[in-house]
Amino acid sequence: MRWRAALAAALVVLAPLGAGAQEFGGLDIGQPIANTQRLGLPLGSQYVGGYRAQKWARPNGVELSITAVPAGPIVYMESFPTAYHQPVQGEGLRFRVTTQAAALDMLGGPGFYFTGRGQFATTNGQDVWFHSYALTDRPNVIVTFAFTAPVSARRLNDQGQLLQNPDAVLDSMIVADYAYQLKIWGGEGVARPGYNTINLNYQ
């Protein structure tokens, strides 16, 4: 848990970001799974490793995936745009609009990463970068932002290593209990230089 050790020396940056692109239906980590009834019927539901995972389609073209202990608390939520999502106007983080460079500037730093997941992954012709942050007032709740760019837009250094693409755009947002996210992603949390916690209104 190397990122936790970094918290003591980290500069805490307040980042009250707009939540126009995120859609969590007023739900939060630790709330009972029964609270999801306000979302209506899910698109689907399954049990994985003793947890119940469900997915909803939101009116704005965003899908919301929620994982919880059956009859217990929510431990994981992920919000991501579908093909029907129309980018919204305004301030703050916005799906398919906010670039990685702009988001890291708003967030005050590059966050940390889970070694089990890695700093980036490649899937479906897209490179995906992950930046995770603990909430300042709730350090066991982790917010992870994923940014994507086409593989065709890759930038490599002289050693052939993939560089971050500042033009990659926000593609999903995850809010999770740290212990659960560590369980499914594995490894440990490693703070990047300049790591800071954040304040974020994501509901």
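The values are calculated or read from the model by the stated rules, or taken from the named source; none is laboratory data. All values derive from a computational prediction rather than experimental measurement. With ideal geometry, Cβ positions are generated from the backbone for all residues, glycine too; neighbour counts draw on all protein chains shown. Heads up: the accessible areas ignore ligands, DNA and RNA and are worked out on the full protein's heavy atoms, side chains in. Shrake-Rupley method; radii C 1.70, N 1.55, O 1.52, S 1.80 Å.
Among the residues making up the stretch 25-57, those that are part of a loop (DSSP other than H, G, I, E, B) and in contact with a strand residue (DSSP E or B) (Cβ under 6 Å, 6 or more places away or on another chain) are ILE29, GLY30, GLN31, PRO42, LEU43. Taken together, the residues in the stretch 51-84 that are on the phi > 0 side of the Ramachandran plot and open to solvent by 60 Å² or more (accessible area, probe 1.4 Å) amount to 1. Residue check: THR122 meets all listed conditions (1) of a type in the set (S, T, N, Q); (2) under 15 Å from the mean Cα position of the chain (by Cα); (3) open to solvent by 60 Å² or more (accessible area, probe 1.4 Å) but one, namely (2).
The residues in the stretch 125-156 that are part of a strand (DSSP E or B), open to solvent by 50 Å² or more (accessible area, probe 1.4 Å) and over 23 Å from GLY187 (Cβ atoms) can be counted, and the count is 2. Pairs only if they're at least six apart or on different chains, beta carbon under 6 angstrom, first in the stretch 108-128 and β-branched (Val, Ile, Thr), second outside any strand (DSSP E or B); list them, first residue then second. Here the result reads THR115/GLY187; THR115/GLU188, each pair linking the stretch 108-128 to a residue that is outside any strand (DSSP E or B). Selection of the stretch 157-185 for residues being within 25 Å of VAL97 (Cβ to Cβ) and either open to solvent by 70 Å² or more (accessible area, probe 1.4 Å) or not small (Gly, Ala, Ser) (or both) yields LEU162, LEU163, GLN164, ASN165, PRO166, ASP167, VAL169, LEU170, ASP171, MET173, ILE174, VAL175.
Checked against (1) in contact with a strand residue (DSSP E or B) (Cβ under 6 Å, 6 or more places away or on another chain); (2) touching a residue at least 12 places away in the same chain (Cβ under 8 Å); (3) closer than 25 Å to LEU182 by Cβ, ASP167 passes all but a single condition, namely (3).
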